[in-house]
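Enquirer: Please see the structure below; I have some questions.
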Amino acid sequence: MKAFKNIFIGMAAMGLFASCSDVLDVENKSSMSEDVIFSTESLANDAIMGIHQSFGETNSYRGRFIPYFGINTDCEIFNNYGGLADATTDKEGSLACYSAPVDNTYMNTDNNAWAKLYEAIERANKGIDSMEKYSDLSDQNMAQLYGEFLTLRAFIYFDLVKAWGDVPYRFEPISSETMYLERTSRVVVLKKCLEDLETAIKNLGWPNENVYTTSTERVNKTFAKGLRARIALFLAGKSAWPVGATETDLSGASATDWEVRYNLANEEDRRAMYQIALSECKDVFETKKINKLATSFREIFYDLCQENTEAGKESVYEIPFSDGRGRVLYTWGVKHSNVDDWTGQAQGGKNAPNPTLWYDYDKEDLRRNITCIPYVWKDGAKTTNNTQGGAWCFGKLRYEWMKRVVTSTNDDGINWQAMRLSDIYMMAAEAENYLNGPVNARMYMEDILKRAYPEGSIRPKHILDAAVASKEAFQQMIEDQRKFEFAGEAIRKVDLIRWGKLKSTLDQANKNMRDLANRTGKYADVPQKVYYNNGLDAAGTDADGYKIYGLERGEDIASEQAKYSNNSAFFCLTIDNIKTDDQNKINKYLDNFTCGNADQHMFWPIWRVFLNSSNGTLRNFYGYGE
């Protein structure tokens, strides 16, 4: 069981959860002063838990950011349209389909993700400001807590930028003068985060170096370095900008016109970001070598579902959820259509693999059968029958792998794995290739690819031999391998944004799905139907065992099909001889996949409730309107 617990008793009395009106009161209402709280280790640690509380609020990371940010790419698709509702108006679908209006009913509330992320930032601001004034930062544990505040604030700000682009810059506790702030350029915000992380790294312990870094639920030096590399690579890349905006000034930004361009116009500035990324990543696995890659791809996610939070393994940092909070497996896991022996909730499968992802992998790639699961659970057994989205599920998160039975109807308590060590290796490879070419970059990919294939396979060598032919070839290999490694972890969307390839990739993915549905192009040799035995030939407790015929290319031999007692139309894997209304549903599903303009609307709008309460300081770009 995870060590994380809600330990907020008495914190309200400390004034740590004060409202904005409380913050602005001249008279301090708290029973303890900040000099006491932030000079006392246990109380300062409680203040860190206040940020964790903001993560777990109903409409924060728990129920809004984790379920809806980062889906609808070439490997991840929103799979919960509910009768294929029009995604331009559907409260969930529009968040995934780059078409969310400013009054989206899932987001346009004053207790939603935008508010909760800024609530957490305010708590971090108060902690940072007070620790700088009152804490003995020569004490290792107090320095650790100070570093945690800085790192968590940077982590949250990066999520704000990833979701909304340019956001208000508030790095000091709120005051009457700073109550209403305009948006600030993402470059300014993220450069401040890079500075803060540099300070945090000096104060944080490595995994297992102090009492707080023994768990992946707490921030450590490895995570801060990896996060600094992530932010630097984002700054070095591209994203949508309002026409008229500069790296430091949004005053001339158009509300409607936009362009995708580099975040940093100067190539030398971009090169400096790649250097930061490479330096931080190399320090993790060349200087200290504390975190270790899992020996198998399955082990990473089995440990996560087993709630093993031991630090120093592949999982670097996880957003912690108690047993009754968090919609991680609920959203990203293998679907259970009914309550059964493993779960008291009929959930999972709301986000699923793009149906073409199975065919993007090498057949030999061990990551494929962990990531892409071609069944759902129904009445305690596996079946390929499901709704229009088919039976595809992400298999990295499974109720069947848990030690406990989920009893909540809405939450599962599985942590959100925010960073893995393999990401740090792959960021190093990307930065090294950009700076110095592929020859030295190759070594950072070798262990990742070796783990991805059976022992003794020659495929890793062939992939790397081909990639080192040029910088361009190696970069393309990185882009492909990041898809195969991180599908289902909400990383792909931001990668495609920073590479300037979001819309072009989605357009190709849409074409690929249509070709798959019609068995044309590179999917001409994919069988029309899948065949399976009832229960998929696997015992109910065997999460990995199943036998399906017809998923692999060329599996259309009648004598083999005859060995199976049932057959099924599988998602849009068959178009022949189905009803016209089913055909229309499939077409609508594919239309909804990229119903908005992904480049124009790669960022969500600021929701109307926050525009209306901003005293006229906040405005939307990208044609969202007010």
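Enquirer: Mind telling me which of the residues A346, A352 ends up being at pLDDT below 95 and closer than 30 Å to A524 by Cβ?
Expert: Of the residues listed, the single one that is at pLDDT below 95 and closer than 30 Å to A524 by Cβ is A352.
Enquirer: Also, quick follow-up: Which ranges mark the helices (runs of 4 or more DSSP H) fully within the stretch 324-398 that have 2 or more residues being under 23 Å from T505 (Cα atoms)?
Expert: 357-360, 366-371
Enquirer: Could you check the stretch 288-346 and list, in sequence order, the residues that are open to solvent by less than 10 Å² (accessible area, probe 1.4 Å), of a type in the set (S, T, N, Q) and within 17 Å of W416 (Cα to Cα)?
Expert: The answer is T331, and nothing else.
Enquirer: Which of the residues belonging to the stretch 126-162 are closer than 18 Å to S33 by Cβ and surrounded by fewer than 20 Cβ atoms within 10 Å (Cβ to Cβ)?
Expert: Across the stretch 126-162, the qualifying residues are D129, E132, K133, Y134, D136.
Enquirer: Could you please find all residues in the stretch 172-218 being closer than 27 Å to M273 by Cβ, part of a loop (DSSP other than H, G, I, E, B) and either at pLDDT below 95 or open to solvent by 40 Å² or more (accessible area, probe 1.4 Å) (or both)?
Expert: E172, L181, E182
Enquirer: Select, from L506, L536, the only residue that is in contact with a strand residue (DSSP E or B) (Cβ under 7 Å, 6 or more places away or on another chain) and among the aliphatic types (A, V, I, L, M).
Expert: L536
Enquirer: Determine which single condition K450 fails, assuming it passes every other condition in (1) buried (at least 21 other Cβ atoms within 10 Å of the Cβ); (2) farther than 22 Å from W499 by Cα.
Expert: Of everything listed in (1) buried (at least 21 other Cβ atoms within 10 Å of the Cβ); (2) farther than 22 Å from W499 by Cα, K450 misses just condition (1).
Enquirer: Out of the stretch 219-246, which residues are open to solvent by 40 Å² or more (accessible area, probe 1.4 Å) and in a loop (DSSP other than H, G, I, E, B)?
Expert: Residues satisfying the conditions are V243, G244, T246.
Enquirer: A further question on this structure: Is it the case that P173 is in contact with a Gly (Cβ under 7 Å, 6 or more places away or on another chain), more than 16 Å from F603 (Cα to Cα) and not hydroxyl-bearing (S, T, Y)?
Expert: no
Enquirer: Might you check whether a residue that is buried (at least 16 other Cβ atoms within 10 Å of the Cβ) and in a loop (DSSP other than H, G, I, E, B) occurs anywhere in the stretch 258-273?
Expert: yes
Enquirer: Taking the stretch 54-94 only, how many residues are outside any loop (DSSP other than H, G, I, E, B), within 18 Å of A352 (Cα to Cα) and at pLDDT 90 or above?
Expert: Summing the residues that are outside any loop (DSSP other than H, G, I, E, B), within 18 Å of A352 (Cα to Cα) and at pLDDT 90 or above in the stretch 54-94 gives 7.
Condition check ((1) surrounded by 23 or more Cβ atoms within 10 Å (Cβ to Cβ); (2) among the small types (G, A, S)) across all residues:
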| position | (1), (2) |
| --- | --- |
| E479 | no, no |
| R482 | yes, no |
| F486 | no, no |
| R492 | yes, no |
| L502 | yes, no |
| D507 | no, no |
| N512 | no, no |
| A517 | no, yes |
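Enquirer: Where residues in the stretch 185-218 are among the aliphatic types (A, V, I, L, M) and within 14 Å of Q140 (Cα to Cα), which of them is farthest from the chain's Cα centre (by Cα)?
Expert: Going through the qualifying residues, I end up with V211.
Enquirer: Closer than 26 Å to G252 by Cβ, free of Cβ contacts under 8 Å to residues at least 24 places away in the same chain and among the hydrophobic types (A, V, I, L, M, F, W, C): which single residue out of V167, V187, V161 fits that description?
Expert: Step by step, each of V167, V187, V161 is checked, and only V167 is closer than 26 Å to G252 by Cβ, free of Cβ contacts under 8 Å to residues at least 24 places away in the same chain and among the hydrophobic types (A, V, I, L, M, F, W, C).
Enquirer: Select from the stretch 99-125 the residues that are surrounded by fewer than 23 Cβ atoms within 10 Å (Cβ to Cβ) and part of a loop (DSSP other than H, G, I, E, B) and list them in ascending order.
Expert: Of everything in the stretch 99-125, those that are surrounded by fewer than 23 Cβ atoms within 10 Å (Cβ to Cβ) and part of a loop (DSSP other than H, G, I, E, B) turn out to be S99, P101, V102, D103, N104, T105, Y106, N108, T109, D110, N111, N112.
Enquirer: Out of D447, D515, D480, report the one residue that is over 28 Å from M419 (Cα atoms), among the acidic types (D, E) and in a helix (DSSP H, G or I).
Expert: Within the list D447, D515, D480, the selection yields D515.
Enquirer: How many residues are assigned to a helix (DSSP H, G or I) and more than 18 Å from I370 (Cα to Cα) if we restrict to the stretch 450-466?
Expert: Adding up the residues that qualify gives 8.
Enquirer: Return yes when I276 is hydrophobic (A, V, I, L, M, F, W, C), open to solvent by 20 Å² or more (accessible area, probe 1.4 Å) and part of a helix (DSSP H, G or I) and no when it is not.
Expert: In short, yes.
The values are calculated or read from the model by the stated rules, or taken from the named source; none is laboratory data. The structure presented is a predicted model; accordingly, all values stated were derived computationally and were not measured. Using ideal geometry, Cβ is built from the backbone for each residue, glycine included, and neighbour counts are taken over all protein chains shown. SASA here: full protein model, heavy atoms, side chains in, ligands and nucleic acids out. Shrake-Rupley method; radii C 1.70, N 1.55, O 1.52, S 1.80 Å.
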